[in-house]
Amino acid sequence: MLLLVDLDGVVYRGSEPVPGVAAVLAARAALGDDVVYVTNNSMHYRADYVTRLAGMGAPVTADRVVSAPRATALHIREHHPAARRVLALGASGLERELRDVGLDVVTAGHAATRMAQEGISGWEAAGAPDVVVVGLDPQITYLRLAVAADCIRSGARFIATNRDPIYPTERGLRPGAGSIVAAVEAAAQAIPDVIGKPGPHLLEVAAATVGRRASDAVMIGDGLDTDIAAAHAAGARAILMLTGVSTREQHDALPADERPDAVAHDAAELAAILQSMASAVS
């Protein structure tokens, strides 16, 4: 089977592993399943996940991690080949992914400093970017928002890595990239192109890394509005893990055609569901 696996809320919560999930994935990989990680998290560079996941015992290589920043960078290169300069409102992982595909990246933090010190517009401070990419920026400030909105109003294309309003950590739920996207959207009075889940694009890119189609996959995620919705959009099967943002009550309130194929409370239930799915197609 092809397993597309979300990270935050499924394999770990913040710095803490979700008990048993890495071992389940390792066992499935040993049986021949392809395991590819798909995450809307826009803060980290894809290679940063390898050491972390390997340390938990999960099967992983750098090419098996497809993040929203990576998919965003590839989207710009493929669909906007004339774009050269990008303003990145986000963390260092987003900046590195954009640079990896040959884009000239200016950070919102750098542009905000120039704007304040030189008394120039955000558009000028950012060097007239072709695209503004917005992800999760833990150091968000009013001036960084102002720069992004100014560039979009001046004609830069607006792209969001994802619209996740929250993300789970070991200390509870925190604002996600979608919260920052919403602020920029309100300030710029513009609607972004969105790359990450719940659209199918991220899953399609992930499946292609192993020569498969997203419709062949089983998506394992904790978000009904993101992971499960993306699976439905891509024609994939879906398993909801109740270890992250979504609850059983939220699941039960959905119409039947919007629910996942299965629900797992923990790693043991996940293992049993995957074995049942594998047996059904063998």
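Look at the range 76-90 and say how many of its residues are out of contact with any Pro (no Cβ under 7 Å at 6 or more places or on another chain), open to solvent by 40 Å² or more (accessible area, probe 1.4 Å) and not in a loop (DSSP other than H, G, I, E, B).
3
Consider G211 carefully, then state whether it is under 30 Å from D261 (Cα atoms) and among the small types (G, A, S).
yes
Out of curiosity, is L3 touching a residue at least 24 places away in the same chain (Cβ under 8 Å), part of a strand (DSSP E or B) and not small (G, A, S)?
Against the criterion (touching a residue at least 24 places away in the same chain (Cβ under 8 Å), part of a strand (DSSP E or B) and not small (G, A, S)), L3 qualifies.
Quick check on my filter: what residues within the range 197-244 are open to solvent by 10 Å² or more (accessible area, probe 1.4 Å), closer than 18 Å to Y12 by Cβ and in contact (Cβ under 8 Å) with a residue 60 or more places away in the chain?
T226, T243, G244
Among (1) part of a loop (DSSP other than H, G, I, E, B); (2) surrounded by 24 or more Cβ atoms within 10 Å (Cβ to Cβ), there is one condition T72 misses while meeting the rest; what is its number?
In the conditions (1) part of a loop (DSSP other than H, G, I, E, B); (2) surrounded by 24 or more Cβ atoms within 10 Å (Cβ to Cβ), T72 misses (1) alone.
Quick one: which of A91, A73, A58, A108 is out of contact with any Asp or Glu (no Cβ under 9 Å at 6 or more places or on another chain) and either without any contact (Cβ under 8 Å) to a residue 24 or more places away in the chain or aliphatic (A, V, I, L, M) (or both)?
A58 is the lone residue from the list that is out of contact with any Asp or Glu (no Cβ under 9 Å at 6 or more places or on another chain) and either without any contact (Cβ under 8 Å) to a residue 24 or more places away in the chain or aliphatic (A, V, I, L, M) (or both).
For A47, only one of the following conditions fails: (1) surrounded by fewer than 21 Cβ atoms within 10 Å (Cβ to Cβ); (2) more than 18 Å from the chain's Cα centre (by Cα). What is its number?
Checking A47 against (1) surrounded by fewer than 21 Cβ atoms within 10 Å (Cβ to Cβ); (2) more than 18 Å from the chain's Cα centre (by Cα), the one that fails is (2).
Could you say whether any residue in the range 134-152 is open to solvent by 50 Å² or more (accessible area, probe 1.4 Å), over 26 Å from H79 (Cα atoms) and among the aromatic types (F, W, Y)?
For the range 134-152, residues open to solvent by 50 Å² or more (accessible area, probe 1.4 Å), over 26 Å from H79 (Cα atoms) and among the aromatic types (F, W, Y): present.
Considering each residue of the range 157-176, count those that are open to solvent by less than 50 Å² (accessible area, probe 1.4 Å) and of a type outside the set (S, T, Y), and give that number.
Here the count works out to 8.
I'd like the full set of residues that are open to solvent by 10 Å² or more (accessible area, probe 1.4 Å), of a type in the set (A, V, I, L, M, F, W, C), part of a helix (DSSP H, G or I) and out of contact with any Cys (no Cβ under 6 Å at 6 or more places or on another chain), limited to the range 113-130.
Within the range 113-130, M115, A116 qualify.
How many residues does the range 184-196 hold that are part of a helix (DSSP H, G or I) and surrounded by fewer than 17 Cβ atoms within 10 Å (Cβ to Cβ)?
Final tally of qualifying residues: 2.
For the subset of the range 13-23 comprising residues that are open to solvent by less than 20 Å² (accessible area, probe 1.4 Å) and at pLDDT 95 or above, which member is farthest from S279 (Cα to Cα)?
Looking at residues that are open to solvent by less than 20 Å² (accessible area, probe 1.4 Å) and at pLDDT 95 or above, I get V18.
The values are calculated or read from the model by the stated rules, or taken from the named source; none is laboratory data. Computed from a prediction, not measured in an experiment: that's the story for all the values here. Neighbour counts are summed over all protein chains in view; Cβ atoms, including those assigned to glycine, are modelled from backbone coordinates with ideal geometry. To get the accessible areas, we keep the full protein, side chains included, count just its heavy atoms, and leave off ligands, DNA and RNA. Shrake-Rupley method; radii C 1.70, N 1.55, O 1.52, S 1.80 Å.
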